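I have placed the structure first, in the form of C-alpha cells, so that the comments after it can refer back to it.
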Amino acid sequence: MTRVFDFLLYIFAWISGLILVGACGTFMVFLLTQGLPALSFDLIFGSTGMWDALLLKRVVSDGLLPAIVGTFLLVFLVLLTALPFGLGAGIYLAEYAGKRSKSFFSLIFDLLAGVPSIVIGLFGFSLTIFLHKHFTFLTPCLLISALALALLVLPYLIRSTQMALEELPTSLRLTAAALGADQATTIRFVLLPQAAAGIFSGIILAIGRAAEDTAVIMLTGVVVSAGIPRSLFNSYEALPFYIYYMASQFSDQQELQQGFGAALILLAICGLLFTLAWLIRKKITARLLYHH
Amino acid sequence: MKKIIEIKNLSFYYGKQQILDNISAEFAASAITAITGPSGSGKSTFLMTINRLWEELNGATMSGRVSLFLDHEKLDIYGRDVSLSWLRRKVGMVFQIPNPLPMSIYRNLALPLRMAGLPKENFGQKVETALKQAFLWPEVKDRLRDDARTLSGGQQQRLCIARAMILEPAILLLDEPTSSLDEKAAREIESLLLTLKDQCTQLMVSHDQAQVKRVADEVMEMVAGRMS
C-alpha cells in the first residue's frame with residue numbers, strides 16, 4: 001500500500017513539474033513568436049534618432065524608450081524606499097520582537113500582503129488628492145507611484161527577510177554569542193550574510209512586482225505619453241501600462257504586435273534585473289564570507 | 001593552588017526542572033580540570049554558567065554566585081557592570097560538535113577580532129599565529145579562502161579551538177571536544193589542549209575516562225546536578 005502511494009506521489013509530483021515547465025515554455029514560445037517580429041529600433045526610438053533620444057536631445061513621442069526608462073526608474077525608486085523598511089521590519093520580527101508584537105505585526109503585514117493592488121492604487125490616488133490641497137504642485141506622479149508600489153512590495157521584503165533569518169540554525173547564534181558578539185553584531189556579521197540568499201529572493205520578487213504592476217500605477221501617475229520624466233513630480237510612462245493600453249485599445253494588428261514587443265522587452269528587463277540582483281548577492285556574499 | 005574560578009551555591013533550572021543543585025566548587029588556574037559524569041547530569045549546563053551562555057536560551061533561571069579571579073581581582077560575573085561581550089572574550093568555549101561558521105577559514109578566525117573591534121591591520125598576523133598554535137597552519141595556509149566546512153572533523157575542531165583562543169581568553173570551556181571525532185583526531189586535539197595549558201585554564205567535559213587520565217590535572221564528577 002505504501003509502495004503504491006509512494007509511486008502515485010512520485011508520478012503526481014513529476015507531472016506537476018512537467019505541467020509547470022510546459023506552461024512556462026508554451027508561454028515563452030507564444031510571446032517570442034508574437035513579440036519578436038515587432039522588435040526593432042523603431043519600436044523603441046520611434047522616428048527619433050537613437051543617439052538624440054539617448055542623450056535626451058529630442059523627446060521620443062512614438063517609441064517605447066520613455067516607458068523603458070520609466071519602468072527602470074520606478075523599480076529603482078521602489079527598492080530605494082521599500083528596501084530599508086522591509087529589511088528593518090524583517091530583522092525586527094525575526095530577532096527582536098516578543099511573541100505578542102510578532103503575532104500582531106505579522107497579522108498586519110499579512111493583511112497588507114492580501115490587499116489587492118487596485119486598492120493600493122486607490123489609496124495612492126486619494127493620498128495625492130489630499131496632498132494636492134496643501135501642495136498644489138503635487139499631482140499623480142512618479143514619486144506617488146513609487147511610494148504606493150513600495151507599500152505593495154513591502155510585505156514580500158519583510159517576510160523574506162524574516163523567514164531567511166528565522167530559518168538559520170540556533171547554533172549560529174550560540175556560536176557568535178560564545179565568541180562575544182552581542183545581538184546587533186551577530187545580526188550584522190553572522191546572520192545577515194548567511195540569510196542573504198533568502199533576502200535576495202524577496203528582493204527579486206519585489207523587483208518583479210514593481211516592474212509588472214499596472215493597477216497601482218494607472219491610478220497614481222502613469223500616462224500614455226509623457227516622455228522621460230524630468231523630476232519625481234512628473235507623470236511618466238511605463239511598460240506594463242503601455243502593454244495594457246495596447247491590449248485594450250489597439251486599432252490594428254500592428255499595434256497589438258507592438259504590445260507583444262513591449263511585453264517581451266518587459267520580460268527582458270525583469271530578467272536583466274533578476275540577473276543583476278543575483279550577481280550583487282553573489283558578490284556581497286563572497287565579500288562578506290570568503291574574502292580577507 | 002591558585003584558583004581562577006569560584007562557584008558558590010549554584011542552582012540552575014530549566015523551566016521547573018532543576019538541572020544543577022547547589023554546587024560550590026573552585027577551579028585551579030593554568031590546569032585542565034575534567035568534569036565527568038553520566039549523560040544528563042548537567043555538565044554542559046554547568047559550563048554555560050561560567051560564560052553566561054545559558055542566557056541565550058529561553059526558559060532558564062539560575063541562582064548562586066560565579067566569580068573569576070582575573071588580573072588579581074575577584075569579579076562576580078553576574079554583577080551589573082560585567083559586559084557579556086567582555087566576559088565571553090575572557091571565557092572562550094568549544095562545543096561538542098565542531099561548529100565552524102559557514103564562511104572561509106580566514107573569516108572564521110578574523111570574525112572574533114573584528115567583533116572585538118581590533119585594528120584590521122593585525123588580523124593576518126593573529127590569524128596565522130592562532131592557526132600555528134592549533135597545528136593547523138601547514139594544512140590550511142594555501143586555502144584560507146576555502147569554506148571552513150570543507151575541512152575534516154578534526155581540522156574543524158582545531159579551527160574552533162584556534163578561534164576560541166585567538167582573543168587570548170583566560171579560561172577555555174570545552175564541552176566534550178573530541179566526542180564526535182575519530183581516535184586519531186581526538187589524540188591531536190588532546191595534544192593541542194596540553195600545549196595550551198600554560199596559556200589558559202581549561203574546563204573540559206568528557207565521558208572518556210582514558211582521555212581524562214591522559215590530559216586532566218584534576219577531575220570532578222557530576223551526578224544528578226551535584227558536583228563531587
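The values are calculated or read from the model by the stated rules, or taken from the named source; none is laboratory data. What you see is a predicted model, and the numbers here were worked out from it, not measured in a lab. Backbone-built Cβ (ideal geometry, glycine too); neighbour counts: all protein chains shown. SASA here: full protein model, heavy atoms, side chains in, ligands and nucleic acids out. Shrake-Rupley method; radii C 1.70, N 1.55, O 1.52, S 1.80 Å.
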> For labels at B:ARG187 and A:GLU255 in the simple 7 Å Cα→Cβ model, what's the distance in nm?
Replying inline: 8.6 nm
> For B:ASP142 and B:ALA31 in the same chain, what is the full-extension length gain: residue separation times 0.36 nm, less their Cα-Cα distance, in nm?
Replying inline: 36.5 nm
> Using modelled amide H (1.01 Å from N, peptide plane; none on Pro or chain starts), what sits under 5 Å from the amide H of B:ILE19, excluding residues fewer than 5 places away?
Replying inline: B:PHE12, B:TYR13, B:TYR14
> If you take the charge dipole of the protein assembly as shown about its Cα centre, with +1 on Lys and Arg Cβ and -1 on Asp and Glu Cβ, which of A:LEU273, A:GLY90, A:THR26 is farthest toward its positive end?
Replying inline: A:GLY90
> Across peptide B:99-109, what mean number of C-beta atoms from other chains lies inside 10 Å of a residue's C-beta?
Replying inline: 5
>> Please list 3J(HN,Hα) in residue order for segment A:113-129, calculated via the Karplus relation 6.51 cos²θ - 1.76 cosθ + 1.60 where θ = phi - 60°; whole Hz, with x for glycine and proline.
In response: 5, x, 6, x, 5, 5, 5, 4, x, 4, 4, x, 5, 5, 4, 4, 4
>> So for each of B:164-170, A:243-249 I average, over its residues, the number of other beta carbons within 10 Å; can you give me the resulting order with the highest mean first?
In response: B:164-170, A:243-249
> Pairs B:LYS90/B:LYS132; B:LYS90/B:LYS197; A:LYS283/B:LYS90: which are spaced more than 24 Å apart, C-alpha to C-alpha?
Replying inline: A:LYS283/B:LYS90
> Per residue of B:79-89, how many C-beta atoms from partner chains lie within 10 Å of its own C-beta, taken as a mean?
Replying inline: 2
> Under a point-charge model restricted to the Cβ atoms of Lys and Arg (+1) and Asp and Glu (-1), what is the dipole moment magnitude of chain A relative to its Cα centre, in debye to the nearest 20?
Replying inline: 900 debye
> When chain A is treated as a GNM, springs tying every alpha-carbon pair under 10 Å, which of A:PHE45, A:PHE241, A:PHE12 comes out with the largest mean-square fluctuation?
Replying inline: A:PHE12
> How high is the FRET efficiency from B:ASN58 to A:SER61, r the C-beta distance, R0 45 Å, rounded to 0.05?
Replying inline: 0.10
>> Per residue, how big is the convex hull of segment A:203-292 when only Cα atoms are used? Give it in Å³.
In response: 118 Å³
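Within 10 Å of each Cβ in peptide A:180-188, how many partner chain Cβ atoms are there on average? Round it to a whole number, please.
If you average over the peptide's residues, the count of other-chain Cβ atoms is 5.
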> Ignoring ligands, DNA and RNA, what percent of the 1.4 Å accessible area of the protein assembly as shown is carbon and sulfur?
Replying inline: 62 percent
>> If I build a Gaussian network model for chain B, linking alpha-carbon pairs within less than 10 angstrom, which residue out of B:LEU57, B:LEU136, B:LEU109 has the largest mean-square fluctuation?
In response: B:LEU57
> In segment A:114-213, what GluC sites (Glu not before Pro) fall in a loop by DSSP, with at most 10 other Cβ atoms inside 10 Å?
Replying inline: none
>> As I understand it, the dipole of the protein assembly as shown uses +1 on the Cβ of Lys and Arg and -1 on the Cβ of Asp and Glu, about the Cα centre. Which of A:ILE120, B:SER11, B:CYS160 lies farthest toward its positive end?
In response: B:SER11
> In what order, largest first, do A:TRP278, A:TRP14, B:TRP54, B:TRP137 sit by accessible area if the probe radius is 1.4 Å?
Replying inline: A:TRP14, A:TRP278, B:TRP137, B:TRP54
>> Restricting to DSSP loop positions (anything but H, G, I, E, B) with no more than 13 other Cβ atoms inside 10 Å of their own Cβ, which trypsin sites (Lys or Arg not before Pro) remain in segment B:1-34?
In response: B:LYS2, B:LYS16
> What is the Cα convex hull volume of segment B:1-132 when expressed per residue in Å³?
Replying inline: 156 Å³
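What accessible area per residue comes out for segment A:208-291, rounded to a whole number of Å², with a 1.4 Å probe?
50 Å²
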> What residues have an amide H closer than 5 Å to that of B:LEU181, excluding those fewer than 5 places away on the same chain, when H is modeled at 1.01 Å from N in the peptide plane?
Replying inline: none
>> Could you identify which residue out of A:THR139, A:THR128, A:THR275 has the top mean-square fluctuation in a GNM of chain A using Cα springs shorter than 10 Å?
In response: A:THR275
> Taking the Cα centre of chain B as the origin, how large is its charge dipole in debye, to the nearest 20, when only Lys and Arg (+1) and Asp and Glu (-1) carry charge on their Cβ atoms?
Replying inline: 380 debye
>> Only four residue types carry charge here, +1 at the Cβ of Lys and Arg and -1 at the Cβ of Asp and Glu. Report the dipole size of the protein assembly as shown about the Cα centre in Debye, rounded to the nearest 20.
In response: 840 debye
> Which FRET efficiency value, to the nearest 0.05, do you get for A:LEU18 and A:ALA184 by plugging their Cβ-Cβ distance into 1/(1 + (r/R0)^6) with R0 = 51 Å?
Replying inline: 0.60
